[in-house]
1. Among strands (runs of 3 or more DSSP E) lying entirely in segment 25-118, which contain 3 or more residues that are in contact (Cβ under 8 Å) with a residue 24 or more places away in the chain and of a type in the set (A, V, I, L, M)?
2. Kindly provide the set of residues from segment 152-178 that are surrounded by fewer than 22 Cβ atoms within 10 Å (Cβ to Cβ), closer than 27 Å to Ala66 by Cβ and touching a Ser or Thr at 6+ places or on another chain (Cβ under 6 Å), ordered by number.
3. So which residues in segment 45-88 are of a type in the set (Lys, Arg) and within 19 Å of Ser137 (Cα to Cα)?
4. In segment 1-40, which residues are modelled with pLDDT of 95 or more, of a type in the set (A, V, I, L, M) and under 19 Å from Tyr103 (Cβ atoms)?
5. Can you find a residue in segment 103-115 that is closer than 16 Å to Ile167 by Cβ and modelled with pLDDT of 95 or more?
6. Determine whether Ser122 is surrounded by fewer than 20 Cβ atoms within 10 Å (Cβ to Cβ) and more than 22 Å from Ile167 (Cα to Cα).
Amino acid sequence: MCGRFTLTVGIEALRKRFGFDQPEFDLRPRYNLAPTQDAPVVLADGAKRTLALYRWGLIPSWAKDAKIGNQTINARSETAAEKASFRTPFAKRRCLVLADGFYEWKEVAPHVKWPMRIVLKSREPFAFAGLWDEWRSPEGKAVRSFTILTTEAPESTRELHDRVPVILNRGYEPVWLDPKSDRRTLENVLIPPPDDALEFFPVSPMVNSPKSDVPECITPAEIVPPKPAEPKPRRKAKPDSPDQPSLF
């Protein structure tokens, strides 16, 4: 599962790492990317790579309503090639979703969850395996959107969730983008990260709100579970009423 992620690395470092051309737009740091927001993806056209901003939450080309994208922020890597929403994108429209961390929530007290930021131990940026599609609104506007593939979580993060986004091995990124890669080859690169590759730490609960997108979102924080509610004072029992005299 991946419901929020971050990309705080500068554009030049990303260009050096992923080899895309200089984009025609400014790329600002993102500390709390949320579904329906635009996020950077890398596309390949032969040997050329480009960076684009696509909406998170894949809207299939055949969809009648964009709201379906709220349910398609993730796709299970084990079945994506067979599902109606993802079958064509899996075969023809793959991308790299750039990130340097993502969030998951850990239960720290009964019914209380705390945000954790998961990163590579090396702190390097990485690429999620993504699928994209183009949908046209009733007004004719083209909307390009993407989903993030997920896989089984490694042992190191399983206490948070049993699924993680697919973080592509650097050597597998060209394979994922290659339009000639067949289904078996593609499925073989959609594997969990090594057990020792990831680590996580608590961050501020401000991450809970998608409106929060500031550096403080990724700053390590101390977990402060809410104090147990104090018991309400017991009401004093009413004194017994005196016996009423009989009317008969």
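The values are calculated or read from the model by the stated rules, or taken from the named source; none is laboratory data. This structure is a prediction, so every number in the text was calculated from the model and none was measured. With ideal geometry, Cβ positions are generated from the backbone for all residues, glycine too; neighbour counts draw on all protein chains shown.
1. Hits in segment 25-118: 38-45, 48-56, 94-99.
2. Arg163
3. Arg55, Lys64, Lys67 - these are the residues of segment 45-88 that are of a type in the set (Lys, Arg) and within 19 Å of Ser137 (Cα to Cα).
4. Leu7, Val9, Leu33, Ala34, Ala39
5. Yes, segment 103-115 contains at least one residue that is closer than 16 Å to Ile167 by Cβ and modelled with pLDDT of 95 or more.
6. Criteria not met by Ser122.
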